[in-house]
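Written below as structure tokens is the structure these notes are about.
The values are calculated or read from the model by the stated rules, or taken from the named source; none is laboratory data. What you see is a predicted model; the values in this text were computed from it and never measured. Every residue, glycine as well, gets a Cβ built from its backbone with ideal geometry; the counts of neighbours run over all protein chains shown.
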Ligand SMILES: Nc1nc2c(c(=O)[nH]1)N[C@H]1C(S)=C(S)[C@@H](COP(=O)(O)OP(=O)(O)OC[C@H]3O[C@@H](n4cnc5c(=O)[nH]c(N)nc54)[C@H](O)[C@@H]3O)O[C@H]1N2
Ligand SMILES: Nc1nc2c(c(=O)[nH]1)N[C@H]1C(S)=C(S)[C@@H](COP(=O)(O)OP(=O)(O)OC[C@H]3O[C@@H](n4cnc5c(=O)[nH]c(N)nc54)[C@H](O)[C@@H]3O)O[C@H]1N2
Ligand code: SF4
Ligand SMILES: [Mo]
């Protein structure tokens, strides 16, 4: 039988076709009829069937007994957890139980929808999520400039110039702005206008772009400041600025030093290329600047994001047709929330008791505070909502050691992986093919105001249960209602998801087969209305001006983040080419006498990775990659540190870190297949 579904791995949510024979998944492929993805899918989505049948699925609840993880019944696991969590709350108060939202919970709509009520029923302020190891700068700088943590994206089909800075949508699908069917969209952009890519790597996106400029890692802010300066001199949208912006003169002063010579000197991009870039910006008028983790994980995150917003404002592009827009979400309905504009420093409160200096973002504590919170005894239990805690967190060793001190570490997983086995309780959830779903958490990153729906494709394997059931049932055993209005005894998955789906802008048909519902056209003007309430976009926030003055210059060799097409963070489609290694440019390898397979040491300020070298001709001189998401020897978070936190966001830098690379010995003997 062949049925339609949609992928719940990355936020692109491609339409899929799933062929099954009884309980067996035979084949997963892209759905040509899906209006968003138009038949596109990637290896990871097409691997969903094999993943479903993998031997290392977590199929039975497990619990630590006498130091060993052992299979137990659901009753035993949940009763034990409920008892321990209730006791900890009684002894130390509700904040001693922390929640962490990881990648696996975002795309399970019924579970994601209940996290706020679960937190409220626990009464805990100790909430952490992926956001503070990913995209903090966009939220925080958005609040400073626009009074709201906005995620901007190109007005597809009308926008004539797209600038990608530190994002590789051909591989990642985009960061907070999904680019469904990326090759086709980029082709359309280049046919109707121009795509410029700033990236120290000749990425898959750069190869399809109109122009690729290679900056020194961490220097994009200077290039963007040069463009802002040039547009303010000539080509600015005066009417737009008059109506919707403040502090234009102050911004002009801030960018004044970024002449073509200065920008060229900082970024390493030739002055002529910078002139051509500025000409293109002036020629196209409206544009969209889209950045990703190459920026958000770097020490220059806030500054680069500020300059991106500033460029969209001075060109009159932000929230304008033909420029960029902000999707307020099919479910989130951000524009209807009646939020007041944030103060210039954003909505920030002091951090948790052991780290008040690490202020909250969007009502959450930042991940960097968690080890101190655990070690000081403030947090005694952690409910891990499907994060791969041993690879995703900065300063991997420090985190591992802190997590090991928890009295309760409850993990909801689909795999019997190292995180599940590091936990005290590991609870098996249904995988994406086993569950009915709507696209919920990520809908502001969608390219349209729309939503996907899918029924379950196959029955759950083993004793895996619905994520919402696991959490709701845990609450019930603690005498707390984690999911008001949902009764696990009488309600099915379909009932719960139908209830969640009712929160959308327009009705979704959840009674039958997979479908895509478009609510309305793209929405313009609502961000401007919001900014106008505070007198227009604040183009020159003082904390950012101060940070600009303090920025450290790039070093000769920088470790930058990078993603692979067959890997989603810690999750991997087995592949012999996309291996863990130290990826080095041809020039840097030559200088150090390194050949493929040689063993080298990559030393940062805070740690070291020793491993095999792989020469990557797409890397420019001066940048090294170790892909993130690997455990053990190649865990790139051995190089990141909780002592290097952004002073504004409290986020640990995980890209653009100064490193040294030295040869240790000749060939490791490992087989090295060419990349690509
Ligand atoms: N050094 C460095 N650190 C980084 C990054 C980097 O680039 N460099 N990137 C950062 C970013 S942007 C992010 S978002 C984080 C990612 O960090 P995580 O969110 O922790 O990463 P994932 O590997 O996506 O882990 C999700 C977990 O969910 C499980 N899972 C998969 N599907 C399902 C499902 O259907 N249901 C359930 N219940 N679980 C499921 C997987 O088995 C996996 O263990 O890492 C951050 N850390
Ligand atoms: N295949 C795949 N897709 C994914 C994921 C995955 O792991 N694999 N993860 C998902 C997640 S959680 C996220 S957050 C998104 C991330 O989505 P993206 O942000 O698009 O992630 P990357 O593909 O790592 O692209 C980052 C790019 O930044 C470049 N870069 C690094 N430093 C600098 C710099 O200083 N300046 C400039 N201009 N460029 C720089 C790198 O060379 C790289 O090409 O992807 C999502 N989609
Ligand atoms: S790009 Fe790949 S992982 Fe992302 S939704 Fe599409 S098929 Fe799934
Ligand atoms: Mo992410």
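Could you check residue 191 against (1) part of a helix (DSSP H, G or I); (2) farther than 30 Å from residue 453 by Cβ; (3) under 23 Å from the mean Cα position of the chain (by Cα) and say which number it fails?
(3)
Going by the structure shown, is residue 610 outside any helix (DSSP H, G or I), more than 26 Å from residue 362 (Cα to Cα) and touching a residue at least 40 places away in the same chain (Cβ under 8 Å)?
Values: outside any helix (DSSP H, G or I): yes; more than 26 Å from residue 362 (Cα to Cα): yes; touching a residue at least 40 places away in the same chain (Cβ under 8 Å): yes.
The answer is yes for residue 610.
Is it the case, given these coordinates, that residue 197 is in contact with a strand residue (DSSP E or B) (Cβ under 8 Å, 6 or more places away or on another chain), surrounded by 24 or more Cβ atoms within 10 Å (Cβ to Cβ), more than 19 Å from residue 319 (Cβ to Cβ) and assigned by TED's automatic domain parsing to the domain that holds residue 279?
On the way: in contact with a strand residue (DSSP E or B) (Cβ under 8 Å, 6 or more places away or on another chain): yes; surrounded by 24 or more Cβ atoms within 10 Å (Cβ to Cβ): yes; more than 19 Å from residue 319 (Cβ to Cβ): yes; assigned by TED's automatic domain parsing to the domain that holds residue 279: yes.
Criteria met by residue 197.
Report, by residue number, each residue of segment 300-340 that is within 26 Å of residue 561 (Cα to Cα) and not assigned by TED's automatic domain parsing to the domain that holds residue 219.
Selection gives nothing.
If a residue must be over 30 Å from residue 324 (Cβ atoms), in contact with a strand residue (DSSP E or B) (Cβ under 8 Å, 6 or more places away or on another chain) and surrounded by 15 or more Cβ atoms within 10 Å (Cβ to Cβ), how many such residues does segment 491-509 contain?
Final tally of qualifying residues: 1.
Of all residues in segment 92-112, how many are in a helix (DSSP H, G or I) and without any contact (Cβ under 8 Å) to a residue 60 or more places away in the chain?
Taking segment 92-112 as the starting set, the residues that turn out to be in a helix (DSSP H, G or I) are 92, 94-96, 103-106, 109-112.
Checking the rest, the ones that are also without any contact (Cβ under 8 Å) to a residue 60 or more places away in the chain come to 94.
Counting residues in segment 92-112 that are in a helix (DSSP H, G or I) and without any contact (Cβ under 8 Å) to a residue 60 or more places away in the chain gives 1.
Which residue is surrounded by the fewest Cβ atoms within 10 Å (Cβ to Cβ), if the candidates are limited to segment 375-392 and must be in contact (Cβ under 8 Å) with a residue 60 or more places away in the chain and in a helix (DSSP H, G or I)? Break it down into steps so the answer makes sense when it comes.
Our first condition is that a residue be in contact (Cβ under 8 Å) with a residue 60 or more places away in the chain; within segment 375-392, this holds for 377-392.
Now restrict to residues that are in a helix (DSSP H, G or I): 389-392.
On the way: 389: 24, 390: 19, 391: 22, 392: 23.
Selected residue: 390.
For every residue, the table says whether it meets (1) within 16 Å of ligand 4 (Cβ to nearest atom); (2) modelled with pLDDT of 95 or more; (3) closer than 19 Å to residue 432 by Cβ; (4) part of a helix (DSSP H, G or I).
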residue	(1), (2), (3), (4)
20	no, yes, yes, no
34	no, yes, yes, no
44	yes, yes, yes, yes
115	no, yes, yes, yes
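Looking at 661, 594, can you tell me which residue is assigned to a loop (DSSP other than H, G, I, E, B) and either touching a residue at least 12 places away in the same chain (Cβ under 8 Å) or within 16 Å of ligand 3 (Cβ to nearest atom) (or both)? Spell out how you get there, then give the answer.
Working: 661 fails: assigned to a loop (DSSP other than H, G, I, E, B).
After ruling out the rest, the residue left standing is 594.
Just one of (1) surrounded by fewer than 22 Cβ atoms within 10 Å (Cβ to Cβ); (2) more than 24 Å from the chain's Cα centre (by Cα); (3) at pLDDT 95 or above trips up residue 228, so point out which.
Here residue 228 meets the rest and fails (1).
Any idea which of 571, 576, 562 is surrounded by fewer than 21 Cβ atoms within 10 Å (Cβ to Cβ) and within 16 Å of ligand 2 (Cβ to nearest atom)? Walk me through it before giving the result.
Details: 576 fails: within 16 Å of ligand 2 (Cβ to nearest atom); 562 fails: surrounded by fewer than 21 Cβ atoms within 10 Å (Cβ to Cβ).
Unique residue meeting the criteria: 571.
Can you find a residue that is assigned to a loop (DSSP other than H, G, I, E, B), modelled with pLDDT of 95 or more, within 24 Å of the chain's Cα centre (by Cα) and surrounded by 21 or more Cβ atoms within 10 Å (Cβ to Cβ) anywhere in segment 510-530?
no
Of everything in segment 121-139, what is part of a helix (DSSP H, G or I) and either closer than 11 Å to residue 99 by Cβ or within 16 Å of ligand 2 (Cβ to nearest atom) (or both)? Give them in sequence order.
Taking segment 121-139 first, the residues part of a helix (DSSP H, G or I) are 121-122, 130-133, 136-139.
Those that are part of a helix (DSSP H, G or I) and either closer than 11 Å to residue 99 by Cβ or within 16 Å of ligand 2 (Cβ to nearest atom) (or both): 122, 130, 131, 132, 133, 136, 137, 138, 139.
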